[in-house]
Amino acid sequence: MNAAPRAAGTIRRLRLVERQRGLGRALLHDLAATELPPSALPAAAILLVRRLAGRVQDGAALSDGWQAALATTLARCQAAAARPALGFVPAASAAVWFADEAELLACLCRDWLAGNGSQWWWRALYPQGVNAGALGDALLAQPGRLPVVLARLQAIGLAAPLLAALPLATVAAMLHALPRQYALLAWQRRCEPLLARLGDGGVTSRAPRPAPWLAMPGAPSVAGLGPERQALLGLALTLAQQPQAARQTAFALAAERWLRDCLAAAGAGSEESQPQPVVAPPAPAVAPTVSVEVDADRQPLDTAVSHPAPVPPLAARQAIEIFAADDTTIPTAVQQAVPAAPMALPLAIAGTMPGVAAAAALPALPPAEPARIRTRYGGVFYLINLALVLGLYGDFSQPRRPGWALPPWDFLALLGERLVGPAFRDDALWPLLACLAGRAAGAEPGDGHAPPAGWRLPPDWQAGRAMPAQLGPWLGWLVAAITPRLALQLGCAPDDIGPRLCRHDAELSVGDDTLDIHLGLDTLPIEIRVAGLDRDPGWVPAAARTIRFHFEP
């Protein structure tokens, strides 16, 4: 029951030059409470600006004029920002931006492979330098993004070279983290014991049968890769292209047979073989903490920001990274945008050293712009929260609980049609759900699936009869079981649940691993908010996506 959060900025290092004693503390307090202006870039975009300067009137408060000037300056920076994903970035660029965190990570991998990890934005994010360890930590901090990152690198032929260049321990840690992030229990049960017995040592797979991922369109080139690196690449690309296929037991069985063949071909199948330990992934990255040390007797007043080294990937959406850079020149456009005042507050963004020219030969990554679709039935996605409450699927807090084998998108299609009626099939949402579920053309949602085995309604939900064993009757039973409570919570008659809950105009933004639902705040019934159906589901392993609601005027 929460509206979409406002875009946030993250200040990592800041230096205040105090020209009047005692103003520093007040400025720090007010600056901490100031929200940076929203970005005109896409919702998930990350903007890094090299240097920004601002002036304030006094130490009592940051004036509205200062914030307006900041917004104007940032708008100019955004308009002129270069996008490293497209290739060459001029050394004099004052700002760069990435469409999302996956694009940032893919660019980091590409530039590291090309030996171009010294650009000012990488030095700002990774002051200790970009090496194999820092890169591995950055990727392991967000295992859910590995499939998208490797898929984008695969499109420019760099996925296999990246895995070949990373240490085997890092690859093993990724193979440990990825199935857990996506709740692939069959893979963990069948493949991980065999992966633990594999050693790389430059030995390539000579298995007589192909790996299951080699049957995909655009199968990866695995020449020169050992079995562990092949397994990571194949699993990640399968999750990126056919996430529902990767969840099936048949996929894990095929991978298990291939791994056994690899062990036999490498002579590692005996009990005497020394197992290679699987490295557990690190704890999830925590946003850096800001510790400010203020000494009023010092001139100038310095503030220090402590953070891990290397800096973990950005956590805030539309993050603006601000760094102190007294040795750089304030751009004329920035000076003109900021009103003069007795006290200067230099805010240098991500520019602590002279720029380093980027290589012109860097290949461009595939575009990451999300698809946009309009639907009359955006409220159907509230049913995701219903499914989570009923325990049909696990959310980010239950990473080891895969839930029902039926894709959540098929669940939305089936239940949405029951609540809305036949008109649901004529909406643009219907084919989108089929695409997200990986259904073949002409296939019906739920084909080949049974009701969830071993599942029961929560104790405080009443069902009038025994749960049927067939999917169609089971759906009717479920609708009958949930109707009384939904009608009570929504304050409507049972026949009005569909229109009340589901019929809301929305614009959908569908990314590689995200789904953002934009709805009108003024048309949101308060009963939906009170019931908690509009909360952000977040990361849903069975959906292989992060799902977010955005409510706008």
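Things worth noting here:
- Inverse mean reciprocal Cα-Cα distance (Kirkwood Rh) of region 379-481, Å: 14.4 Å
- Rg followed by Dmax, in Å, when region 81-121 is reduced to its Cα trace: 9.5, 25
- Modelled label positions at ARG425 and GLN248, each set 7 Å beyond Cα in the direction of Cβ, lie 2.4 nm from each other.
- Here ASP495 and ALA405 are evaluated by their C-beta separation; at R0 = 30 Å the FRET efficiency comes out at 0.40.
- Applying 1/(1 + (r/R0)^6) with r as the Cβ-Cβ distance of ALA165 and ALA453 and R0 = 35 angstrom yields a FRET efficiency of 0.20.
- Summarising the amide proton neighbourhood of ARG374: residues at separation of 5 or more, or on other chains, whose placed amide H is nearer than 5 Å comprise LEU508.
- Distance between modelled label sites at GLN78 and MET216, nm, 7 Å Cα→Cβ extension: 3.4 nm
- Built amide H within the under 5 Å cut-off of ALA82, gap 5+: ALA95, VAL96, TRP97
- Scaled radius of gyration (Cα, divided by 2.2 N^0.38 Å) that region 401-552 gives: 1.06
- Sequence ranges 150-162, 425-437, ranked by mean other-Cβ count within 10 angstrom, highest first: 150-162, 425-437
- Overall, region 105-194 carries a charge dipole of about 200 debye about its Cα centre when +1 sits on the Cβ of Lys and Arg and -1 on the Cβ of Asp and Glu, all other atoms neutral.
- Taking amide H as placed 1.01 Å from N in the peptide plane, GLY538 has its amide H under 5 Å from the amide H of ILE547, each at least 5 places away in sequence or on another chain.
- The three principal axes of the C-alpha atoms in region 102-248 carry coordinate ranges of 46, 30, 28 Å, sorted with the longest axis first.
- Take every Cα pair under 8 Å whose residues are at least 6 apart in sequence, average their separation, divide by the length of region 428-553, and the relative contact order is 16 percent.
- Probe 1.4 Å, accessible area per residue of region 106-184, Å²: 25 Å²
- Carbon and sulfur %, accessible surface of region 471-553 computed with the full protein complex present, 1.4 Å: 54 percent
- Residue-level accessible surface for VAL389, protein heavy atoms, 1.4 Å, Å²: 90 Å²
- Exposure check, 1.4 Å probe, all protein chains in place: TYR126 carries approximately 10 Å² of accessible surface.
- R0 of 45 Å, Cβ-Cβ distance GLN462-ARG209: FRET efficiency to nearest 0.05: 0.30
- Heavy atoms of THR72: accessible area, 1.4 Å probe, square angstrom to 10: 60 Å²
- Difference of contour (0.36 nm per residue) and Cα-Cα distance, ALA441 to PHE88: 123.1 nm
The values are calculated or read from the model by the stated rules, or taken from the named source; none is laboratory data. It should be emphasised that the depicted structure is a prediction, and the values quoted were computed from it without experimental measurement. Glycine gets a Cβ as well: all are built from the backbone with ideal geometry, and neighbour counts include every protein chain shown. We work out accessible area using only protein heavy atoms, side chains counted, and drop any ligands, DNA or RNA first. Shrake-Rupley method; radii C 1.70, N 1.55, O 1.52, S 1.80 Å.
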